[in-house]
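Engineer: The following block contains the structure, expressed as structure tokens.
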Amino acid sequence: MFTATPHILRKQRTERLAHAMFAGMALSIVVPLVCIIAFLVVKAWPSLSLAFLIEPPRNMQTEGGIWPALIGTIYLVVVALFAAAPVGVLAAVYLNEYATDNWFTRLVNLAVINLAGVPSIVHALFGLGAFVLAAGLGQSVIAASLTLAVMTLPVVIASTREALVAVPRSFREACWNVGATRWQTIRAVVLPNAISGILTGVILQVSRTAGETAPILFTGAVMYKAVEKGDLLPYRLTESCMALATHLYNLATQINGAPESLQFATATVLLGAVLLVNSTAIALRVYLRSRKKW
Amino acid sequence: MVSDEPVGETVIDVRDLRVHYGEREVIHGISFDVRRGEILGVIGPAQSGKTSMLKCLNRTLEFTPGATMRGTITVDGEDVLRVRDVFGLRRKIGMVAPLPVGLPLTIYDNVAFAPRAAGLSNRADLDDIVERCLRQAALWDEVKDRLATLGTKLSGGQQQRLTIARALSHDPEILCLDEFSIAIDPVTTMRIEDVLKELRATMTILLVTNLTQQARRLADRTMFMLNGEVVELDRTDVVFSDTPGDPRTFDYVSGIVG
């Protein structure tokens with residue numbers, strides 16, 4: 001009754017082949033990441049230490065650590081986060097909860113899509129023109145952060161909308177049916193259940209800008225700033241700063257006489273910082289999801 | 001078509017209602033009335049426009065992108081398209097959806113949500129409303145000791161009664177139920193039917209149902225909808241007799257079509 005006909009055998013062969021192919025492709029995503037990390041860590045090993053993290057560079061940046069760049073990148077990302085999050089989240093709430101299909105909504109959607117397609121070097125020029133020159137902020141943390149914020153807005157909006165869409169429509173309809181306004185519905189039911197996804201999504205997306213070089217190169221990052229070891233408040237917002245991505249660029253192209261391991265150590269720290277923030281955000285999301293209310 | 005003696009004055013009057021989703025017309029100019037104090041059963045197969053019709057009554061159709069309604073609906077003599085306070089209109093009509101919806105709030109907050117949204121904040125008043133509505137929905141005894149647990153943690157049947165309690169919480173004059181028994185067991189269905197029998201003394205009920213026998217058990221008058229049209233609206237005993245006004249009605253209620 002259950003004997004396999006040639007047709008069944010052929011189907012099973014195809015099935016195994018398909019399975020293997022899809023699994024192989026999935027695996028091939030992991031391979032580059034592992035290779036990159038291994039390569040970086042091996043090359044960086046001679047320079048990696050706690051001192052490397054918290055000490056300023058010495059001797060024309062050919063020795064010492066990367067503290068000014070590390071704290072600078074943290075500054076840039078945090079300020080960008082505070083600039084991008086309110087605009088992006090509120091815009092996403094509007095687009096997902098209020099907007100009907102009209103010319104204004106289409107215009108906003110079109111702007112979001114096109115903003116996402118703008119190359120980072122063009123964002124850099126925009127930041128230079130708009131924030132550094134026109135707004136008179138000069139080359140500063142605030143100008144560079146705003147540039148990063150503009151750049152990251154489309155993905156912040158996209159990830160926020162994703163979190164909002166995950167709240168079932170039936171919840172909204174139940175609220176509308178009892179005479180609640182859209183805002184009452186959003187405040188009572190939508191936001192409390194989307195907020196975990198929104199927060200982690202925004203942190204993930206904005207932290208990715210830590211690796212951006214071009215947008216901050218023209219708008220606020222400089223080659224060298226004198227900063228005390230471990231100083232947590234070295235920069236004012238209106239001052240320029242050092243950053244990991246531009247420091248790496250400078251080490252690789254501008255600074256002579258630094259050991260190769262210094263570049264790789266900088267790259268490792270940059271990658272490590274982004275991975276750390278990402279995994280924290282993901283852990284937070286998993287934790288918050290486990291407390292989901294439906 | 002309507003041949004019975006009036007149960008009461010007209011509460012909802014629908015004239016030439018048409019509903020479009022984009023270009024597609026799903027309700028083709030229907031007219032009917034709902035009278036005070038009656039249970040009006042609405043039967044008909046899927047896609048006959050029952051749910052769309054309900055959404056027109058409290059104007060929640062406007063939350064569906066691309067949906068438009070034409071014609072006139074008056075509730076208590078007021079044109080729903082012209083009411084100043086659409087939220088007040090929605091509070092006048094209690095709406096129970098096919099699938100139970102426990103909001104991700106506590107049981108207490110599920111029921112207190114509508115009064116709060118309407119501006120009530122006095123704790124004692126809210127307590128009274130919560131208890132009254134949960135009692136009316138035959139859920140009080142099961143949940144009175146755990147009002148602070150999440151409404152979403154209740155069983156499906158309990159959630160449907162919670163939904164009914166929420167629909168009663170804004171003191172509606174009219175209660176609309178849209179295939180409320182679709183996702184719950186027969187025992188719970190019968191309990192809710194008992195609830196409806198008690199509620200009929202104080203309010204008007206519009207009972208959309210996919211169970212023709214449910215309409216037969218409960219409704220004073222029954223309306224048969226098919227493909228966006230009202231085929232027949234008459235006393236329930238006439239609709240379920242061997243000689244209803246339209247042969248299609250007989251075919252549907254006796255299970256030959258639909």
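Engineer: Mind counting the residues in region B:155-183 that are outside any helix (DSSP H, G or I) and either farther than 26 Å from B:Glu78 by Cα or of a type outside the set (Asp, Glu) (or both)? Let's see the steps before the verdict.
Structural biologist: Residues of region B:155-183 that are outside any helix (DSSP H, G or I), as a first pass: B:155, B:169-183.
From what's left, either farther than 26 Å from B:Glu78 by Cα or of a type outside the set (Asp, Glu) (or both): B:155, B:169-170, B:172, B:174-177, B:179-183.
So the count comes out to 13.
Engineer: Tell me, which residue of region A:141-196 that is touching a helix residue (DSSP H, G or I) at 6+ places or on another chain (Cβ under 8 Å) and hydroxyl-bearing (Ser, Thr, Tyr) is surrounded by the fewest Cβ atoms within 10 Å (Cβ to Cβ)?
Structural biologist: Only one residue tops the list, namely A:Thr181.
Engineer: Within the group A:Gly127, A:Gly88, A:Gly64, which residue is on the phi > 0 side of the Ramachandran plot, surrounded by 14 or more Cβ atoms within 10 Å (Cβ to Cβ) and not hydroxyl-bearing (Ser, Thr, Tyr)? Give the steps one after another, and end with the answer.
Structural biologist: On the way: A:Gly127 fails: on the phi > 0 side of the Ramachandran plot; A:Gly88 fails: on the phi > 0 side of the Ramachandran plot.
The conditions single out A:Gly64.
Engineer: Still on this structure: What tally of residues in region B:11-53 results from selecting those that are over 15 Å from B:Asn227 (Cα atoms) and within 14 Å of chain A (Cβ to nearest Cβ)?
Structural biologist: Residues flagged as over 15 Å from B:Asn227 (Cα atoms) and within 14 Å of chain A (Cβ to nearest Cβ) within region B:11-53 amount to 1.
Engineer: In this structure, is A:Ala134 within 14 Å of chain B (Cβ to nearest Cβ) and without any contact (Cβ under 8 Å) to a residue 60 or more places away in the chain? Can you show your working first?
Structural biologist: On the way: within 14 Å of chain B (Cβ to nearest Cβ): no; without any contact (Cβ under 8 Å) to a residue 60 or more places away in the chain: yes.
Answer is no for this residue.
Engineer: Collect the residues in region B:28-81 that are without any contact (Cβ under 8 Å) to a residue 24 or more places away in the chain and among the aromatic types (Phe, Trp, Tyr), keeping them in residue-number order.
Structural biologist: B:Phe63
Engineer: Just to be sure before I move on: is B:Ser181 closer than 21 Å to B:Lys50 by Cβ and hydroxyl-bearing (Ser, Thr, Tyr) in the structure I sent? So that I can check it myself, show each step before the final result.
Structural biologist: Numbers: closer than 21 Å to B:Lys50 by Cβ: yes; hydroxyl-bearing (Ser, Thr, Tyr): yes.
When the stated conditions are applied, B:Ser181 passes them.
Engineer: Search region B:83-97 for residues being of a type in the set (A, V, I, L, M, F, W, C) and under 13 Å from the mean Cα position of the chain (by Cα), and hand back the single one that is nearest to the other protein chains (Cβ to nearest Cβ).
Structural biologist: Step one: list which residues in region B:83-97 are of a type in the set (A, V, I, L, M, F, W, C), which gives B:83, B:86-87, B:89, B:93, B:95-97.
Of the ones still in play, those that are also under 13 Å from the mean Cα position of the chain (by Cα) are B:93, B:95-97.
Numbers: B:Ile93: 8, B:Met95: 4, B:Val96: 8, B:Ala97: 7 Å.
Looking at residues that are of a type in the set (A, V, I, L, M, F, W, C) and under 13 Å from the mean Cα position of the chain (by Cα), I get B:Met95.
Engineer: Which condition from (1) under 28 Å from B:Ala201 (Cα atoms); (2) out of contact with any strand residue (DSSP E or B) (no Cβ under 9 Å at 6 or more places or on another chain); (3) within 13 Å of chain A (Cβ to nearest Cβ); (4) in a helix (DSSP H, G or I) is the one that B:Pro100 breaks?
Structural biologist: Just one mismatch for B:Pro100, condition (4).
Engineer: What pairs can you find where one residue is in region A:103-116 and among the polar types (S, T, N, Q), the other is outside any helix (DSSP H, G or I), and their Cβ atoms are less than 9 Å apart, with a gap of 6+ or different chains?
Structural biologist: As it stands, the answer is A:Thr105/A:Ala99; A:Asn109/A:Ala99, since those pairs meet every condition given.
Engineer: Shifting gears a bit: What tally of residues in region A:273-291 results from selecting those that are buried (at least 16 other Cβ atoms within 10 Å of the Cβ) and either over 12 Å from A:Gly201 (Cα atoms) or in contact with a strand residue (DSSP E or B) (Cβ under 8 Å, 6 or more places away or on another chain) (or both)? Lay out the reasoning, then the answer.
Structural biologist: Filtering region A:273-291 for residues buried (at least 16 other Cβ atoms within 10 Å of the Cβ) gives A:273-274, A:277, A:281, A:285.
Then keep just the ones that are either over 12 Å from A:Gly201 (Cα atoms) or in contact with a strand residue (DSSP E or B) (Cβ under 8 Å, 6 or more places away or on another chain) (or both); that gives A:273-274.
Qualifying residue count, region A:273-291: 2.
Engineer: Within the bounds of region B:18-27, is there any residue that is more than 18 Å from B:Glu173 (Cα to Cα) and not in a strand (DSSP E or B)?
Structural biologist: Narrowing region B:18-27 to residues more than 18 Å from B:Glu173 (Cα to Cα): B:18-27.
Next, from what is left, pick out any that are not in a strand (DSSP E or B): B:22-23.
Looking for residues that are more than 18 Å from B:Glu173 (Cα to Cα) and not in a strand (DSSP E or B), one finds at least one in region B:18-27, hence yes.
Engineer: Picking from A:Thr185, A:Thr200, A:Thr181, which residue would you name as being out of contact with any His (no Cβ under 8 Å at 6 or more places or on another chain), within 22 Å of A:Arg289 (Cα to Cα) and within 14 Å of another protein chain (Cβ to nearest Cβ)? Please lay out each step first, then the result.
Structural biologist: Details: A:Thr200 fails: within 14 Å of another protein chain (Cβ to nearest Cβ); A:Thr181 fails: within 22 Å of A:Arg289 (Cα to Cα).
Exactly one residue qualifies, and that residue is A:Thr185.
Engineer: Something else now. Report the residue count in region B:208-230 for those that are part of a helix (DSSP H, G or I) and buried (at least 18 other Cβ atoms within 10 Å of the Cβ).
Structural biologist: Residues meeting the conditions: 4.
Engineer: Now a separate question. Quick one: is A:Val190 in contact with an Asp or Glu (Cβ under 8 Å, 6 or more places away or on another chain), within 14 Å of chain B (Cβ to nearest Cβ), under 18 Å from A:Arg285 (Cβ atoms) and of a type in the set (A, V, I, L, M, F, W, C)? Working first, answer last.
Structural biologist: Numbers: in contact with an Asp or Glu (Cβ under 8 Å, 6 or more places away or on another chain): yes; within 14 Å of chain B (Cβ to nearest Cβ): yes; under 18 Å from A:Arg285 (Cβ atoms): yes; of a type in the set (A, V, I, L, M, F, W, C): yes.
Against the criterion (in contact with an Asp or Glu (Cβ under 8 Å, 6 or more places away or on another chain), within 14 Å of chain B (Cβ to nearest Cβ), under 18 Å from A:Arg285 (Cβ atoms) and of a type in the set (A, V, I, L, M, F, W, C)), A:Val190 qualifies.
To keep it simple, each residue is scored yes or no on (1) in a strand (DSSP E or B); (2) on the phi > 0 side of the Ramachandran plot.
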| residue | (1), (2) |
| --- | --- |
| B:Gly29 | yes, yes |
| B:Gly37 | no, yes |
| B:Pro65 | no, no |
| B:Thr74 | yes, no |
| B:Arg90 | no, no |
| B:Pro104 | no, no |
| B:Val111 | no, no |
| B:Arg116 | no, no |
| B:Ser121 | no, no |
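Engineer: Might you check whether a residue that is touching a residue at least 60 places away in the same chain (Cβ under 8 Å), surrounded by fewer than 20 Cβ atoms within 10 Å (Cβ to Cβ), over 19 Å from B:Arg132 (Cβ atoms) and within 14 Å of chain A (Cβ to nearest Cβ) occurs anywhere in region B:172-186?
Structural biologist: In the first step, residues of region B:172-186 are kept if they are touching a residue at least 60 places away in the same chain (Cβ under 8 Å); the result is B:172-180, B:182-184.
From what's left, surrounded by fewer than 20 Cβ atoms within 10 Å (Cβ to Cβ): B:173, B:182-183.
Still in the list and also over 19 Å from B:Arg132 (Cβ atoms): B:182-183.
Those left that are additionally within 14 Å of chain A (Cβ to nearest Cβ): B:182-183.
Yes, the conditions are met somewhere in region B:172-186.
Engineer: For the structure I just gave you, tell me whether B:Thr60 is touching a Lys or Arg at 6+ places or on another chain (Cβ under 9 Å) and surrounded by fewer than 16 Cβ atoms within 10 Å (Cβ to Cβ). Walk me through it before giving the result.
Structural biologist: Numbers: touching a Lys or Arg at 6+ places or on another chain (Cβ under 9 Å): yes; surrounded by fewer than 16 Cβ atoms within 10 Å (Cβ to Cβ): no.
No: the conditions fail for B:Thr60.
Engineer: Looking at A:Tyr224, A:Tyr249, A:Tyr235, which is the one that is on the phi < 0 side of the Ramachandran plot, crowded, with 17+ Cβ neighbours inside 10 Å and in contact (Cβ under 8 Å) with a residue 60 or more places away in the chain?
Structural biologist: Details: A:Tyr224 fails: crowded, with 17+ Cβ neighbours inside 10 Å; A:Tyr249 fails: in contact (Cβ under 8 Å) with a residue 60 or more places away in the chain.
That would be A:Tyr235, the only listed residue that is on the phi < 0 side of the Ramachandran plot, crowded, with 17+ Cβ neighbours inside 10 Å and in contact (Cβ under 8 Å) with a residue 60 or more places away in the chain.
Engineer: Among all residue pairs at least 6 apart or on different chains, which show Cβ distances below 9 Å where the first residue, located in region B:141-158, is farther than 18 Å from B:Val96 by Cβ and away from every other protein chain (no Cβ under 14 Å) and the second is aromatic (Phe, Trp, Tyr) and in a helix (DSSP H, G or I)?
Structural biologist: B:Leu147/B:Tyr108
Engineer: Specify the residue that is farthest from the chain's Cα centre (by Cα); the eligible residues are those in region B:119-140 that are surrounded by fewer than 18 Cβ atoms within 10 Å (Cβ to Cβ) and within 14 Å of chain A (Cβ to nearest Cβ).
Structural biologist: Checked region B:119-140; the qualifying residue farthest from the chain's Cα centre (by Cα) is B:Ser121.
Engineer: I've got another one for you. Please go through (1) hydrophobic (A, V, I, L, M, F, W, C); (2) touching a Cys at 6+ places or on another chain (Cβ under 8 Å); (3) within 12 Å of chain A (Cβ to nearest Cβ) for B:Val80 and return the number of the only condition it doesn't satisfy.
Structural biologist: Failing condition for B:Val80: (3).
Engineer: Please work out if B:Glu198 is surrounded by fewer than 22 Cβ atoms within 10 Å (Cβ to Cβ), within 30 Å of B:Arg90 (Cα to Cα) and in contact with a Ser or Thr (Cβ under 9 Å, 6 or more places away or on another chain).
Structural biologist: Values: surrounded by fewer than 22 Cβ atoms within 10 Å (Cβ to Cβ): yes; within 30 Å of B:Arg90 (Cα to Cα): yes; in contact with a Ser or Thr (Cβ under 9 Å, 6 or more places away or on another chain): no.
In short, no.
None of the figures in this text is laboratory data; all of them are computed from the coordinates on show. Treat the numbers as computed from the prediction; the structure is a model and nothing was measured. With ideal geometry, Cβ positions are generated from the backbone for all residues, glycine too; neighbour counts draw on all protein chains shown.
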